[in-house]
Every structure is written in C-alpha cells, then in structure tokens.
Amino acid sequence: MARAKGDRSATGQQGGHRASSAGGSGADADPPLPRTSALDLTDSALEQAVTRVFLAVVQHPDPTRALLVAQGLETELVDRSLEVLSARGLVRLHGGGHIEVVPPDVSLPALAMSYERRARETRSAAHELAQVFFHARASRRTQDTSAIQVLTSLDEVSSATSEAVATATEQIRSFRTMSPRTRAVIDSPLHSHSAPTLGPDGTPLPCYAVFDPAILEADNILAVLRAREEGGELARFSNAVPFSAIIVDDTAAVVDLSEFDGTGYGSLFVRSRPAVLGLISLFDRLWELGHPLDQSAARASRHDQTILSMLATGVTDATIARQVGISQRTVERRVRALMDELGANTRFQAGVLAARRGLL
C-alpha cells in the first residue's frame, strides 16, 4: 500500500525518534520548547509539540491537561496539541481536563489507513487534474514547453517512464525496437518483469506490447517474455516497429530514441494530447500487423512448433537456432521441410498458415 509522505503526525519520523530517545524517562526529559504562541508555530514546530504531548499521555496511566501544563508546556500549546491528537483519533478529551488515550495498536493503524486512503485519492486527483491542465493548454496557440520535454540521457528516459507509469489508471501500451533502453529493460531482474502494473486502486492494469523481432536475439529472452506474460502483458511481434515508445492511457508517453543516439539524448516526454493520440494510432496499426509468439511451444520444447511460431515474427535462422538450442543447419533443414508440408511459399507464410491450422 502507498504511504502518505506529506503529513508528519505524532506517529511519524519525529515521534519514532523521540520514543526511542525518551527511554521511558517521561516527556519532561526532552529539552524545553521555545515559549511562543501556538498560533505562531510553524508546522514542524507544532508537530514537535504534538509528538511531545502524545508521548507524555501515552506514558502516564491517568493523563490530564493539568499534568501536561505542570510539565512545562504552555497552556495554549497543550490545548492546540490535544486538538490535533483528538482530530487524528489518538486521544479522546473529557470534562475536567481528563484525557483518554486510545490504545496505540488500534489508533495508529487506523491513522495509517486514513493517510493511505488520502494518498490514493491524491494520486487519482493528480491524473484527473493533469488531464484538465493539458487540455486547457492544448487550446492555446502559443507554444507550451511543458507539453513535450526533450530528454538528454537514458537515466532521464527511465525516470520519465517511471513518472508516467505511476499516473496510469487505464492501460499501458508500448512498442519497442532493440534500442539501448530496451536492452536495459530486458536485462532487468526476472522478477521485475513478472510484477503486474497496478492502478491507483491496486488492481492490475492491462498492458500491450509490440516488439521488433530483433529482441529475440537477446539472451534469455524467452524467459523474459514468459515473465512479462505472467505479469499481464500481451505481446506481438512486427517488423514495422520504427522506434520505441511507452504510452500511458491517453495522457502521456515517453518516446525512446536511444536507437539513434545511444546516450538517449533527444528522447521525448510527451504530454501533448494530440501527440499522444498520434502515438496510440501508430501502436494500433503495429498491433494489427503483429503476430504473437507462441510461448507454450517454447515451454514444451517442441522444436517444430517453436520454429513455426518464430517464423511468423520474421526472425533469422541463426536467432531461431540460438533460442531453440539446435544448430542453424538443423533449423534450415526443418524450415524447408515445414514449408513443403504447409504448402507455403515464404517463411512468414509458413508461420501464419501454421497458426491458422491450429498447429501452434
């Protein structure tokens, strides 16, 4: 679950530090706070006071307002801190200044859940507001420099991709050539490929990818593709992929041009809606042209099925030989035999005919 980072409560970083340093000696072991009006305190100073008050009431069996004042805290500061703690559900205030402390094993998880819910709502609002933001600027005639950002390195491409994917609520589309960025993705730990991409509510998002068959020359690529399939990605292969891009919903995209400049310079972080829609149109065309790779054939090690499946993607005999684990001469011999059996005139046609006849 996501954690809210912006609101430091009595249960946050400062609270944890003070709890360990107090050592059971009571809140009066802390250095005195500056004597100032509670209305003049900064957020961090108020949180410091709230934390001190919370630790004091937790450590006393029958805490009261008068007890806190007797420990050296200003009356106004005590009252403001108790209001905050009551609003957070950590204490209940009663007549006569008596304070009931809600058991921390009950109150703190409830407070954490409220922060997590707020974080989810914030992420969802960020997506909707981003659409409003970019839609408003799309109607302006003057150039909006925030709509398309030029990236200057592979690290920036990676960061932009993470930023865009974090806002996804509907689906992820991508198409990839064997660029340096794609190679880095393929070389990632196998478990990272099988992890699903989650939306704001924690449910997996549908992911679609079109790969250039050149990626099948990468080591361990079949295991990587299986892991990505387990993570919810549907993949196809097409020789028509011109460059790499990842598209998030219909609001953002990262265009990876590291195939043309290995440093990643010139790649783009796109938030212009018309440009994103254009990339979606390109993806849809590539998806129509693409052909799936039969992973079940590779898993079963049935060479003919694997060869036919890979033929449909347009890869070379050398690539098939390396992935299947047989010699290139054997692949060439089997390809000729399979084409004859299927009545195919081309290698690609052999793969397509095999798929249509249910042989894959």
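Observations
- Taken over region 66-101, the residue count meeting the criterion of being closer than 15 Å to residue 51 by Cα and in contact with a strand residue (DSSP E or B) (Cβ under 7 Å, 6 or more places away or on another chain) is 5.
- Subset of region 62-98 (residues that are in contact with a Leu (Cβ under 7 Å, 6 or more places away or on another chain), outside any loop (DSSP other than H, G, I, E, B) and surrounded by fewer than 16 Cβ atoms within 10 Å (Cβ to Cβ)): 86, 93
- The lone criterion from (1) within 19 Å of residue 265 (Cβ to Cβ); (2) assigned to a helix (DSSP H, G or I); (3) modelled with pLDDT under 90 left unmet by residue 135 is number (1).
- Region 281-302, subset modelled with pLDDT of 70 or more and out of contact with any strand residue (DSSP E or B) (no Cβ under 7 Å at 6 or more places or on another chain), residue farthest from residue 236 (Cα to Cα): 281
- Single match in 183, 273, 226 (criterion: of a type in the set (Lys, Arg), outside the structural domain of residue 310 (by TED's automatic domain parsing) and within 19 Å of residue 159 (Cα to Cα)): 183
- Taking first residues from region 94-118 that are free of Cβ contacts under 8 Å to residues at least 12 places away in the same chain and in the same structural domain as residue 61 (by TED's automatic domain parsing) and partners that are part of a strand (DSSP E or B) and surrounded by fewer than 15 Cβ atoms within 10 Å (Cβ to Cβ), the Cβ contacts under 6 Å between residues at least 6 apart in sequence or on separate chains come to 100/92.
The values are calculated or read from the model by the stated rules, or taken from the named source; none is laboratory data. Quantities reported herein were computed from a predicted structural model and do not represent experimental measurements. No Cβ is skipped: glycine too gets one built from the backbone with ideal geometry, and neighbour counts run over all protein chains shown.
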